[in-house]
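Below is one structure, written out as C-alpha coordinates; comments come after it.
The values are calculated or read from the model by the stated rules, or taken from the named source; none is laboratory data. In this text, all values refer to a predicted model and were calculated from it rather than measured experimentally. For neighbour counting, all protein chains shown are included, and Cβ atoms are generated from backbone atoms with ideal geometry for every residue, glycine included. The protein model used for the area step is the full one, side chains on, heavy atoms only, and it has no ligands, DNA or RNA in it. Shrake-Rupley method; radii C 1.70, N 1.55, O 1.52, S 1.80 Å.
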Amino acid sequence: MKSLLTRLLALALVLVFSVPVSLHAQLIEGRVVAPTLNVRSGPTSHAENVIGQLSVDALVSIEGRNPAGDWFYIRAEGSGLAGWAASGFIAYIQDQYSAIPVLTEAPPAVAVASGDTVSTGSADLIMQTPIFSNFTTSTVYNTFNRGLRLGNNPHVFMKVGDSVSATQPFLYGFGGPGYNLGPYADLQATIDFFSVSPVRDVSNSFVRTSVSAVNGFVSGAVFDGTWSPEYCSGLVPLECEYDILRPSVAIVLLGGQDVRLFDAGFFETNMRRIAVDLKALGVIPVFTTFPMHASYRLDQTIQFNSIVINLANEQDIPLINLYRALQDLPDGGAKSDDVVHLTQGPDYFNFDGSEATYGVTLRNLLTLQALDMLRRDVLQ
(Lines give C-alpha, C1' and ligand atoms only; values in the text may rest on other atoms or scores of the structure.)
Protein backbone atom coordinates (compact mmCIF):
# COMPACT_ATOMS: atom_id res chain seq x y z
CA MET A 1 0.00 0.00 0.00
CA LYS A 2 1.28 3.44 -0.82
CA SER A 3 2.28 5.49 2.18
CA LEU A 4 0.08 8.40 3.15
CA LEU A 5 2.92 10.80 2.41
CA THR A 6 3.23 9.55 -1.17
CA ARG A 7 -0.51 9.83 -1.74
CA LEU A 8 -0.66 13.31 -0.28
CA LEU A 9 2.23 14.53 -2.39
CA ALA A 10 0.66 13.10 -5.53
CA LEU A 11 -2.57 14.88 -4.68
CA ALA A 12 -0.66 18.08 -4.04
CA LEU A 13 0.84 18.03 -7.52
CA VAL A 14 -2.61 17.77 -9.12
CA LEU A 15 -4.72 19.99 -6.89
CA VAL A 16 -2.85 21.84 -4.21
CA PHE A 17 -0.60 23.99 -6.33
CA SER A 18 -3.61 25.75 -7.85
CA VAL A 19 -4.66 27.13 -4.44
CA PRO A 20 -3.46 30.63 -3.55
CA VAL A 21 -0.89 30.96 -0.78
CA SER A 22 -1.96 32.84 2.34
CA LEU A 23 -0.51 36.12 3.45
CA HIS A 24 2.09 34.42 5.69
CA ALA A 25 3.94 32.85 2.72
CA GLN A 26 7.49 34.13 2.39
CA LEU A 27 8.94 31.98 -0.41
CA ILE A 28 8.01 30.39 -3.72
CA GLU A 29 7.92 26.73 -2.82
CA GLY A 30 8.61 23.76 -5.05
CA ARG A 31 8.78 20.00 -4.85
CA VAL A 32 11.11 17.65 -6.70
CA VAL A 33 9.22 15.31 -9.06
CA ALA A 34 12.20 13.38 -10.47
CA PRO A 35 13.42 10.17 -8.78
CA THR A 36 16.80 11.88 -8.38
CA LEU A 37 17.51 15.51 -9.23
CA ASN A 38 21.02 16.79 -9.83
CA VAL A 39 21.78 20.17 -8.30
CA ARG A 40 24.49 22.01 -10.22
CA SER A 41 26.87 24.93 -9.78
CA GLY A 42 25.52 26.56 -12.97
CA PRO A 43 22.53 26.37 -15.35
CA THR A 44 24.14 23.82 -17.68
CA SER A 45 24.28 20.02 -17.87
CA HIS A 46 27.87 18.91 -17.33
CA ALA A 47 28.99 15.97 -15.24
CA GLU A 48 31.61 18.08 -13.51
CA ASN A 49 29.19 20.73 -12.19
CA VAL A 50 26.99 18.42 -10.09
CA ILE A 51 27.33 19.54 -6.47
CA GLY A 52 24.59 17.42 -4.89
CA GLN A 53 21.38 15.48 -5.43
CA LEU A 54 17.82 15.63 -4.13
CA SER A 55 15.33 12.77 -3.93
CA VAL A 56 11.77 12.79 -5.20
CA ASP A 57 9.37 14.88 -3.06
CA ALA A 58 12.21 16.94 -1.54
CA LEU A 59 10.99 20.44 -0.69
CA VAL A 60 12.82 23.47 -2.06
CA SER A 61 12.51 27.23 -2.29
CA ILE A 62 12.81 28.69 -5.80
CA GLU A 63 14.97 31.79 -5.60
CA GLY A 64 15.53 32.58 -9.25
CA ARG A 65 15.58 31.41 -12.87
CA ASN A 66 17.68 31.86 -15.97
CA PRO A 67 16.25 34.04 -18.80
CA ALA A 68 14.97 31.01 -20.72
CA GLY A 69 13.23 29.64 -17.64
CA ASP A 70 14.55 26.10 -18.10
CA TRP A 71 16.73 26.32 -14.99
CA PHE A 72 15.78 27.33 -11.45
CA TYR A 73 18.12 28.42 -8.68
CA ILE A 74 16.82 26.44 -5.69
CA ARG A 75 17.61 25.95 -2.02
CA ALA A 76 16.73 22.65 -0.32
CA GLU A 77 14.86 22.74 2.98
CA GLY A 78 16.98 21.58 5.88
CA SER A 79 20.20 20.43 4.19
CA GLY A 80 21.47 23.83 3.00
CA LEU A 81 22.15 22.53 -0.53
CA ALA A 82 21.67 25.38 -3.03
CA GLY A 83 22.27 25.60 -6.77
CA TRP A 84 20.76 25.21 -10.23
CA ALA A 85 18.31 22.48 -11.28
CA ALA A 86 16.27 21.79 -14.41
CA SER A 87 12.93 23.53 -13.90
CA GLY A 88 10.96 20.73 -15.57
CA PHE A 89 11.64 18.46 -12.59
CA ILE A 90 10.21 20.86 -9.99
CA ALA A 91 6.49 21.22 -9.32
CA TYR A 92 5.31 24.63 -8.11
CA ILE A 93 2.36 27.00 -8.36
CA GLN A 94 2.39 27.97 -12.01
CA ASP A 95 0.80 31.36 -11.36
CA GLN A 96 3.92 32.33 -9.40
CA TYR A 97 6.28 31.91 -12.37
CA SER A 98 6.35 35.63 -13.16
CA ALA A 99 7.35 36.36 -9.56
CA ILE A 100 10.51 34.26 -9.85
CA PRO A 101 13.34 36.74 -10.47
CA VAL A 102 15.56 36.37 -13.52
CA LEU A 103 19.12 35.97 -12.28
CA THR A 104 21.99 37.22 -14.37
CA GLU A 105 24.32 36.75 -11.40
CA ALA A 106 23.15 33.98 -9.09
CA PRO A 107 24.34 33.55 -5.50
CA PRO A 108 27.18 31.05 -5.13
CA ALA A 109 26.08 27.42 -5.21
CA VAL A 110 26.36 25.68 -1.83
CA ALA A 111 27.29 22.02 -1.63
CA VAL A 112 26.75 19.92 1.50
CA ALA A 113 28.74 17.09 2.92
CA SER A 114 27.35 13.63 2.27
CA GLY A 115 25.93 11.75 5.22
CA ASP A 116 24.69 12.99 8.54
CA THR A 117 26.86 15.06 10.84
CA VAL A 118 26.56 13.82 14.40
CA SER A 119 26.93 16.39 17.13
CA THR A 120 29.53 15.67 19.80
CA GLY A 121 27.36 17.37 22.40
CA SER A 122 27.89 20.47 24.47
CA ALA A 123 26.51 21.35 27.87
CA ASP A 124 27.20 25.01 27.04
CA LEU A 125 25.07 24.74 23.90
CA ILE A 126 22.15 23.37 25.91
CA MET A 127 22.39 25.93 28.69
CA GLN A 128 22.83 28.86 26.30
CA THR A 129 19.92 27.90 24.06
CA PRO A 130 16.71 29.71 25.08
CA ILE A 131 13.80 27.77 26.56
CA PHE A 132 11.79 28.72 23.44
CA SER A 133 13.27 29.35 20.01
CA ASN A 134 12.39 29.34 16.27
CA PHE A 135 8.65 29.85 16.76
CA THR A 136 8.15 32.52 14.08
CA THR A 137 10.57 31.54 11.33
CA SER A 138 9.62 31.60 7.65
CA THR A 139 9.75 27.80 7.69
CA VAL A 140 7.08 27.70 10.41
CA TYR A 141 4.77 29.98 8.42
CA ASN A 142 5.39 28.11 5.16
CA THR A 143 4.79 24.74 6.81
CA PHE A 144 1.52 25.98 8.28
CA ASN A 145 0.38 27.33 4.92
CA ARG A 146 1.25 24.04 3.27
CA GLY A 147 -0.86 22.29 5.88
CA LEU A 148 -3.82 24.55 5.19
CA ARG A 149 -3.65 23.63 1.53
CA LEU A 150 -3.60 19.95 2.49
CA GLY A 151 -6.64 20.37 4.75
CA ASN A 152 -4.92 20.32 8.15
CA ASN A 153 -6.83 21.74 11.13
CA PRO A 154 -5.22 24.72 12.93
CA HIS A 155 -7.09 23.72 16.12
CA VAL A 156 -5.52 20.25 16.34
CA PHE A 157 -2.11 19.02 17.48
CA MET A 158 -0.56 15.55 17.73
CA LYS A 159 1.90 13.98 20.15
CA VAL A 160 5.05 12.11 19.13
CA GLY A 161 7.13 10.48 21.84
CA ASP A 162 7.85 7.74 24.32
CA SER A 163 6.58 7.01 27.82
CA VAL A 164 7.30 10.55 29.01
CA SER A 165 4.44 11.61 26.73
CA ALA A 166 2.41 8.39 26.72
CA THR A 167 2.27 7.24 30.34
CA GLN A 168 3.21 10.27 32.44
CA PRO A 169 0.50 12.94 32.99
CA PHE A 170 0.98 15.03 29.85
CA LEU A 171 -1.52 17.65 28.68
CA TYR A 172 -4.67 15.53 29.06
CA GLY A 173 -5.79 17.45 32.16
CA PHE A 174 -6.34 20.55 30.03
CA GLY A 175 -8.95 18.66 28.06
CA GLY A 176 -11.43 18.77 30.96
CA PRO A 177 -12.27 20.92 33.96
CA GLY A 178 -9.58 19.65 36.32
CA TYR A 179 -6.85 22.26 36.00
CA ASN A 180 -5.78 25.52 37.60
CA LEU A 181 -3.80 28.01 35.55
CA GLY A 182 -2.97 30.18 38.54
CA PRO A 183 -0.88 33.17 37.39
CA TYR A 184 -1.04 31.93 33.78
CA ALA A 185 -4.73 32.67 33.20
CA ASP A 186 -3.93 34.12 29.78
CA LEU A 187 -3.29 30.56 28.58
CA GLN A 188 -7.02 29.84 28.77
CA ALA A 189 -7.44 31.25 25.27
CA THR A 190 -5.08 28.58 23.95
CA ILE A 191 -6.88 25.79 25.80
CA ASP A 192 -10.12 27.06 24.26
CA PHE A 193 -8.51 27.25 20.80
CA PHE A 194 -7.48 23.58 20.89
CA SER A 195 -10.67 22.36 22.61
CA VAL A 196 -12.19 21.03 19.40
CA SER A 197 -12.84 17.42 18.49
CA PRO A 198 -10.25 16.13 15.98
CA VAL A 199 -12.01 12.83 15.43
CA ARG A 200 -15.20 11.12 16.50
CA ASP A 201 -15.29 10.03 20.17
CA VAL A 202 -12.27 12.24 21.05
CA SER A 203 -13.19 15.60 22.57
CA ASN A 204 -9.90 17.40 21.89
CA SER A 205 -6.19 17.02 21.18
CA PHE A 206 -5.26 17.21 24.87
CA VAL A 207 -6.96 13.90 25.73
CA ARG A 208 -6.10 12.04 22.52
CA THR A 209 -4.16 8.77 23.04
CA SER A 210 -1.61 9.04 20.26
CA VAL A 211 -0.55 6.21 17.97
CA SER A 212 2.81 7.98 17.63
CA ALA A 213 3.46 8.41 21.39
CA VAL A 214 3.88 4.99 22.95
CA ASN A 215 5.62 3.56 26.00
CA GLY A 216 9.10 2.35 25.02
CA PHE A 217 9.29 4.20 21.70
CA VAL A 218 12.71 4.97 20.28
CA SER A 219 13.08 7.53 17.50
CA GLY A 220 12.88 4.92 14.75
CA ALA A 221 9.68 3.34 16.08
CA VAL A 222 7.48 6.03 14.51
CA PHE A 223 8.55 4.65 11.10
CA ASP A 224 8.00 0.98 12.02
CA GLY A 225 4.61 -0.35 10.98
CA THR A 226 4.80 -3.23 13.47
CA TRP A 227 3.94 -0.67 16.15
CA SER A 228 0.80 0.45 14.31
CA PRO A 229 -2.67 -0.77 15.33
CA GLU A 230 -4.57 -2.77 12.74
CA TYR A 231 -6.83 0.16 11.94
CA CYS A 232 -3.83 2.07 10.57
CA SER A 233 -4.10 -0.14 7.45
CA GLY A 234 -0.36 -0.47 6.98
CA LEU A 235 0.63 3.13 7.72
CA VAL A 236 3.54 3.66 10.10
CA PRO A 237 2.67 5.34 13.44
CA LEU A 238 3.70 8.87 12.39
CA GLU A 239 1.64 8.77 9.20
CA CYS A 240 -1.29 7.00 10.88
CA GLU A 241 -1.63 9.61 13.60
CA TYR A 242 -1.48 12.34 10.99
CA ASP A 243 -4.07 10.56 8.85
CA ILE A 244 -6.45 10.33 11.81
CA LEU A 245 -6.08 13.89 13.13
CA ARG A 246 -4.88 16.10 10.26
CA PRO A 247 -3.14 18.38 12.81
CA SER A 248 -1.16 21.57 12.25
CA VAL A 249 1.30 21.03 15.11
CA ALA A 250 3.24 18.04 16.48
CA ILE A 251 4.79 18.03 19.97
CA VAL A 252 7.87 15.79 19.64
CA LEU A 253 9.92 14.42 22.55
CA LEU A 254 12.14 11.38 22.00
CA GLY A 255 15.61 10.37 23.14
CA GLY A 256 15.37 8.84 26.59
CA GLN A 257 15.14 5.32 25.23
CA ASP A 258 17.60 5.99 22.38
CA VAL A 259 20.28 6.95 24.91
CA ARG A 260 19.92 3.50 26.42
CA LEU A 261 19.86 1.47 23.22
CA PHE A 262 21.33 3.21 20.16
CA ASP A 263 24.15 5.41 18.97
CA ALA A 264 23.90 9.09 18.18
CA GLY A 265 23.91 8.58 14.42
CA PHE A 266 20.77 6.44 14.56
CA PHE A 267 19.03 9.03 16.70
CA GLU A 268 20.03 11.98 14.52
CA THR A 269 18.96 10.27 11.30
CA ASN A 270 15.52 9.44 12.66
CA MET A 271 14.92 12.82 14.28
CA ARG A 272 15.85 14.60 11.06
CA ARG A 273 13.45 12.36 9.16
CA ILE A 274 10.66 13.12 11.65
CA ALA A 275 11.16 16.86 11.09
CA VAL A 276 11.32 16.58 7.30
CA ASP A 277 8.31 14.25 7.01
CA LEU A 278 6.13 16.36 9.30
CA LYS A 279 6.98 19.53 7.40
CA ALA A 280 6.12 17.80 4.12
CA LEU A 281 2.71 17.00 5.62
CA GLY A 282 2.24 20.64 6.62
CA VAL A 283 2.66 19.91 10.33
CA ILE A 284 4.85 22.21 12.44
CA PRO A 285 7.23 19.99 14.44
CA VAL A 286 7.94 21.32 17.95
CA PHE A 287 11.08 19.52 19.11
CA THR A 288 11.60 19.15 22.87
CA THR A 289 14.86 18.30 24.63
CA PHE A 290 14.34 15.31 26.89
CA PRO A 291 14.90 14.74 30.62
CA MET A 292 17.40 12.35 32.19
CA HIS A 293 18.71 12.08 35.74
CA ALA A 294 22.32 13.26 35.97
CA SER A 295 23.37 9.93 37.48
CA TYR A 296 22.74 8.10 34.21
CA ARG A 297 24.81 8.47 31.02
CA LEU A 298 25.22 12.20 31.37
CA ASP A 299 27.63 12.58 28.44
CA GLN A 300 25.25 10.76 26.08
CA THR A 301 22.29 12.75 27.36
CA ILE A 302 24.13 15.98 26.58
CA GLN A 303 25.14 14.65 23.15
CA PHE A 304 21.62 13.53 22.21
CA ASN A 305 19.99 16.72 23.48
CA SER A 306 22.56 18.74 21.54
CA ILE A 307 21.40 16.84 18.44
CA VAL A 308 17.79 17.85 19.17
CA ILE A 309 18.84 21.51 19.43
CA ASN A 310 21.07 21.43 16.34
CA LEU A 311 18.35 19.76 14.27
CA ALA A 312 15.75 22.30 15.40
CA ASN A 313 18.10 25.03 14.20
CA GLU A 314 19.00 23.19 10.98
CA GLN A 315 15.36 22.51 10.12
CA ASP A 316 14.28 25.99 11.27
CA ILE A 317 11.56 24.57 13.55
CA PRO A 318 10.35 25.42 17.07
CA LEU A 319 12.23 24.13 20.10
CA ILE A 320 11.25 23.74 23.75
CA ASN A 321 14.52 23.41 25.67
CA LEU A 322 12.96 21.39 28.48
CA TYR A 323 16.27 19.93 29.66
CA ARG A 324 17.64 23.39 30.39
CA ALA A 325 14.45 24.51 32.16
CA LEU A 326 14.51 21.38 34.33
CA GLN A 327 17.95 22.16 35.71
CA ASP A 328 16.39 24.64 38.15
CA LEU A 329 14.28 21.88 39.71
CA PRO A 330 15.37 19.35 42.38
CA ASP A 331 17.27 16.47 40.72
CA GLY A 332 16.98 18.26 37.40
CA GLY A 333 13.31 17.38 37.28
CA ALA A 334 14.07 13.67 36.71
CA LYS A 335 13.42 10.71 38.99
CA SER A 336 16.48 9.26 40.69
CA ASP A 337 14.98 5.75 40.74
CA ASP A 338 13.51 5.90 37.23
CA VAL A 339 16.03 8.06 35.45
CA VAL A 340 14.25 8.61 32.11
CA HIS A 341 11.03 9.95 33.65
CA LEU A 342 10.05 13.32 35.07
CA THR A 343 9.33 13.86 38.73
CA GLN A 344 5.64 14.25 39.48
CA GLY A 345 3.68 15.44 42.49
CA PRO A 346 -0.06 15.46 43.14
CA ASP A 347 -0.82 18.48 40.91
CA TYR A 348 0.04 17.76 37.29
CA PHE A 349 -2.15 20.47 35.79
CA ASN A 350 -2.25 23.05 38.60
CA PHE A 351 0.18 25.93 38.30
CA ASP A 352 0.14 26.69 42.00
CA GLY A 353 3.91 26.58 42.40
CA SER A 354 4.21 22.88 41.59
CA GLU A 355 5.82 23.83 38.27
CA ALA A 356 8.87 25.01 40.24
CA THR A 357 9.20 21.61 41.94
CA TYR A 358 8.01 18.84 39.65
CA GLY A 359 9.17 18.05 36.12
CA VAL A 360 5.78 16.86 34.86
CA THR A 361 4.05 20.09 35.87
CA LEU A 362 6.79 22.25 34.37
CA ARG A 363 6.65 20.36 31.09
CA ASN A 364 2.88 20.84 30.93
CA LEU A 365 3.32 24.57 31.48
CA LEU A 366 6.08 24.97 28.88
CA THR A 367 4.21 22.95 26.28
CA LEU A 368 1.04 24.97 26.84
CA GLN A 369 3.09 28.17 26.51
CA ALA A 370 4.60 26.87 23.26
CA LEU A 371 1.14 26.13 21.86
CA ASP A 372 0.10 29.60 22.97
CA MET A 373 2.92 31.24 21.00
CA LEU A 374 2.01 29.31 17.89
CA ARG A 375 -1.67 30.14 18.29
CA ARG A 376 -1.07 33.87 18.64
CA ASP A 377 1.68 34.28 16.04
CA VAL A 378 1.02 31.59 13.42
CA LEU A 379 -2.19 29.57 13.66
CA GLN A 380 -4.49 32.59 13.88
Can you confirm whether the range 148-157 contains a residue that is in contact (Cβ under 8 Å) with a residue 24 or more places away in the chain, under 15 Å from the mean Cα position of the chain (by Cα), closer than 27 Å to residue 340 by Cβ and not in a helix (DSSP H, G or I)? yes
Give 245, 281, 187, 171 a once-over and let me know the one that is within 30 Å of residue 80 (Cβ to Cβ), in contact (Cβ under 8 Å) with a residue 60 or more places away in the chain and not small (Gly, Ala, Ser). 281
Residue under question is residue 337, and the condition is that it be farther than 18 Å from residue 213 by Cβ, without any contact (Cβ under 8 Å) to a residue 24 or more places away in the chain and open to solvent by 60 Å² or more (accessible area, probe 1.4 Å); does it hold? yes
Would you check which residues across the range 200-220 are farther than 29 Å from residue 179 by Cα and surrounded by fewer than 22 Cβ atoms within 10 Å (Cβ to Cβ) and list them? 218, 220
Considering the range 165-186 alone, what residues qualify as being part of a helix (DSSP H, G or I), open to solvent by 30 Å² or more (accessible area, probe 1.4 Å) and within 30 Å of residue 219 (Cβ to Cβ)? 166, 172
Answer yes or no: is there a residue in the range 343-361 that is of a type in the set (D, E, K, R), in a helix (DSSP H, G or I) and either in contact with a strand residue (DSSP E or B) (Cβ under 9 Å, 6 or more places away or on another chain) or open to solvent by 30 Å² or more (accessible area, probe 1.4 Å) (or both). no
What residue, among those in the range 237-265 that are in contact with a helix residue (DSSP H, G or I) (Cβ under 7 Å, 6 or more places away or on another chain) and surrounded by fewer than 21 Cβ atoms within 10 Å (Cβ to Cβ), is nearest to residue 378 (Cα to Cα)? 243
